Amino acid sequence: MVNILLIAIVFLVATFLVLQFIKKRKNEQVEDKIEVDDKTYTLELMTAFVKKRLDEITKINLYDIGLSEEELKRRKQKKYELKQALEMLTIKNMLKNLFLTYYLMNMV
């Protein structure tokens, strides 16, 4: 009998809390317009964000996060692919500069 009474009390308290939460959410004002200034999406800010994010991705120690084995392998592979892409980008950039230098030297 006591167990049924305790279950009923817990159920009533939980119902009351859920109803209060729903009532509170209904009364909140919804922001209709999000203010975006001209400096929000500038090239400099986006470049800085991408550099910071790439730096975080490449320097993170995956073993400290506590991932599952499958997730760890997936992240290692993505990290390796990112490093390879960055190295290829650097190599392509150097080759492009070398080609332009050679081309300009031949023109003169």
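For the chain, please list each of the helices (runs of 4 or more DSSP H) lying entirely inside it that holds at least 1 residues being surrounded by 10 or more Cβ atoms within 10 Å (Cβ to Cβ), among the polar types (S, T, N, Q) and at pLDDT 75 or above.
Counting at least 1 such residues, we get 2-27, 43-59, 69-107.
Would you be able to tell me the number of residues in the range 61-100 that are of a type in the set (Lys, Arg) and within 21 Å of Val50 (Cβ to Cβ)?
6
The values are calculated or read from the model by the stated rules, or taken from the named source; none is laboratory data. Every value quoted in this text rests on a predicted model; they were computed, and no experiment measured them. Note that we place each Cβ from the backbone using ideal geometry, even for glycine, and neighbour counts take in every protein chain shown.
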